[in-house]
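A.B. asks: Encoded as structure tokens, here's the structure I'll be asking about.
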Amino acid sequence: MKKILVLFFALLITSLSTVFAASESILVSSKELEAIQKHIGEIGYNILNSNGIEKRMVFIFDNSNKIINAGTSSVSRTIVVYRGIYNFMEDDNELAAVMAHEISHGVDSYDGIFKGLFSGCRYFFTPRKYEYKADKRAVDYMVNAGYNPVAMIIILNKVASQYRYDWWFTYPLTSRRLMQVYEYIYTKYPEYLANNKYKNNIYYQNFLLTSRENREKFQEKVKTKSTKKVHYL
Ligand SMILES: [Zn+2]
């Protein structure tokens with residue numbers, strides 16, 4: 001009898017945990033999903049139209065919590081934004097940063113088998129140069145579509161973890177990506193740093209802290225190249 005009781009309680013506990021797990025996903029109403037899908041579509045098409053991108057792309061929201069990322073299919077130009085990364089977005093600029101990066105991969109897809117195969121955003125197989133290129137071009141796309149490109153630094157600093165090495169990953173180190181984005185904005189769109197609306201944002205403050213050494217090296221480089229005495233945050 002004891003054994004049966006233990007089994008009964010064990011079953012009850014298992015079923016309870018399933019009930020909780022199930023109710024977690026029920027919390028998301030179809031109305032909310034529709035609203036998010038609409039939001040993603042609006043930002044995606046705004047970026048395409050404002051940049052005169054003539055290639056067809058579709059934008060899909062995937063409610064999977066576990067994937068903190070977005071991706072681009074190199075065979076269908078489908079751009080998927082996962083719930084895991086969407087949860088981190090605090091404004092349209094951050095969402096536009098992620099989508100502009102994926103759209104940039106989408107623009108490159110179909111172009112030759114090597115480029116096409118690898119243009120999706122994947123941790124292990126995206127050659128570094130395509131990631132840097134996608135980030136920089138995303139900054140241009142954002143500015144042209146009316147978004148603040150500094151948000152690219154915010155979202156990258158929030159969700160992209162830092163691997164210990166990058167010599168065996170084809171994917172670049174996040175700190176290098178962050179610096180490249182910073183340098184690109186600094187050089188091409190300095191007004192966004194001179195009048196930086198994210199200056200007091202905790203994720204931006206953290207970027208300033210973790211990139212201090214690299215930023216100083218970059219400032220030195222800028223100083224020796226020009227007479228301009230600029231120090232943008
Ligand atoms: Zn990518």
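A.B. asks: What does the highest-first list of 94-101, 145-152 look like by mean Cβ count within 10 Å?
C.D. replies: Those peptides, ordered most packed to least, come out 94-101, 145-152.
A.B. asks: Here is a further query. With the alpha-carbon atoms as the only input, what is the per residue convex hull volume for segment 28-225 in Å³?
C.D. replies: Convex hull volume per residue, Cα atoms: 131 Å³.
A.B. asks: While we're on this one: At a Förster radius of 41 Å, what calculated FRET efficiency corresponds to the Cβ-Cβ distance of Glu191 and Lys38, to the nearest 0.05?
C.D. replies: Once the sixth-power term is evaluated, E becomes 0.85.
A.B. asks: Computed FRET efficiency, Cβ-Cβ of Lys55 and Lys223, R0 41 Å: what is it to the nearest 0.05?
C.D. replies: Working from the Cβ atoms, E equals 0.50.
A.B. asks: How far, in nm, would the chain grow between Val75 and Asn206 when pulled straight, counting 0.36 nm per residue and subtracting the alpha carbon separation?
C.D. replies: Difference between extended and current length: 43.4 nm.
A.B. asks: As a footprinting exposure proxy, order Val81, Val75 by other Cβ within 10 Å, with the fewest listed first.
C.D. replies: Listed from fewest to most nearby Cβ atoms, that is Val75, Val81.
A.B. asks: OK, next. When a footprinting reagent is the concern and you count Cβ atoms within 10 Å, what order do Arg215, Arg128 take, fewest first?
C.D. replies: Fewest to most other Cβ atoms nearby, the residues stand as Arg128, Arg215.
A.B. asks: Moving on to the next point. For Lys197, which sequence-distant residues (separation of 5 or more, or a different chain) have an amide H within less than 5 Å of its own amide H, given hydrogens modelled in the peptide plane?
C.D. replies: Those lying under 5 Å, H to H, from Lys197: there are none.
Laboratory data are not the source of any read-out in this text; all were calculated from the coordinates shown. Just so it is clear, the model here is predicted, and its values are computed rather than measured. Quick reminder, even Gly has a Cβ in these numbers, built from the backbone with ideal geometry, and neighbours come from all protein chains shown.
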